1. Using 1/(1 + (r/R0)^6) with R0 = 25 angstrom and r between the beta carbons of residue 109 and residue 1, what's the FRET efficiency to the nearest 0.05?
2. Along the range 25-32, what does the Karplus equation 6.51 cos²θ - 1.76 cosθ + 1.60 (θ = phi - 60°) give for ³J(HN,Hα), rounded to whole Hz, x for Gly and Pro?
3. Can you list residues from other chains, or at least 5 along the same chain, whose modelled amide H is less than 5 Å from the amide H of residue 119?
4. Extending each Cα 7 Å along its Cβ direction at residue 24 and residue 36, get the distance between those two points in nm, one decimal.
5. Quick check: from the Cα gyration tensor, does the range 83-140 come out rounded (a/c under 1.5), prolate or oblate?
6. Treating only the Cβ atoms of Lys and Arg (+1) and Asp and Glu (-1) as charged, compute the dipole magnitude of the chain about its Cα centre; round to the nearest 20 debye.
7. Could you pull the Cα extents of the chain along its three principal axes, largest to smallest, in whole Å?
8. For residue 81 paired with residue 94, estimate the spin-label separation in nm (one decimal), with each label point 7 Å from Cα along the Cα-to-Cβ line.
Amino acid sequence: MFKKLTPNMMVKDVRETIAFYQEVLGFEFVMAVPKDGQEVSMEMPQEKPLAYAMLKSGNVEIMFQAKESLSEDIPSFQGVEIGASVSFYFEIDDIDAFYEDMREKVEVVKTIRTTWYGMREFYIRDCNGYVLGFSQQTPS
C-alpha cells in the first residue's frame, strides 16, 4: 500500500528556500528543474531561476516548487496563498544542541519543552512561513 510520503511545498523562491534548508537545517541538494526548462539537473543550476528542487536529510525528502509552477501543474492551487494549516514534524537526535544552534538563526514559534507524551520538542518558521517542529523521544 503506502510506501512513502514526500511533501511538495509551494514556495516564493526556490533558490532562497534551498539556501535556508541547506545553510540553516543542513539538508543536501538532490535535484532541480530550471524555471523555463524541461530537464532535471542533478547539480545545482547556476544563475537560472528554478521551478522545482528536491532536498534530503537522512530519510527525509522534501520537494519545493515555485508558486507559478505548482499552480500550473495543479490548477486548484491558482490563487492559493503560500503556507498551510499544517506543521512538519521531524524526529531528530540531540535536540537540545540543535535548539541552541537554531534559536539565534530562525524565528522560534514555540520554545523547547518536554511534553506530557514524552517528547522534547520546539517549533520554528521557515523562510516561506511554514512551521517546522523538531522532536526527540525522552528516556522512559
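Derivation of every value follows stated rules applied to the coordinates shown; laboratory data play no part. Since the model is a prediction, treat every value here as computed from it, not as a measurement. Heads up, the Cβs are rebuilt from the backbone with ideal geometry, glycines too, and the neighbour counts pull from every protein chain shown.
1. Details: r = 34 Å, r/R0 = 1.36.
Efficiency computed from Cβ-Cβ geometry: 0.15.
2. Per-residue couplings from phi come out as 9, x, 6, 10, 5, 10, 6, 8 Hz.
3. The list, which skips near neighbours in sequence, is 138.
4. The two pseudo-label positions are separated by 3.1 nm.
5. On the way: a/c = 2.29, a/b = 1.45, b/c = 1.58.
Judged from the Cα gyration tensor, the range 83-140 comes out oblate (a/c at least 1.5, b/c at or above a/b).
6. Details: 14 positive and 23 negative charges, 84 e Å.
So the dipole magnitude of the chain works out to roughly 400 debye.
7. Its Cα atoms span 51, 35, 31 Å along the three principal axes.
8. According to this spin-label approximation, the distance is 3.8 nm.
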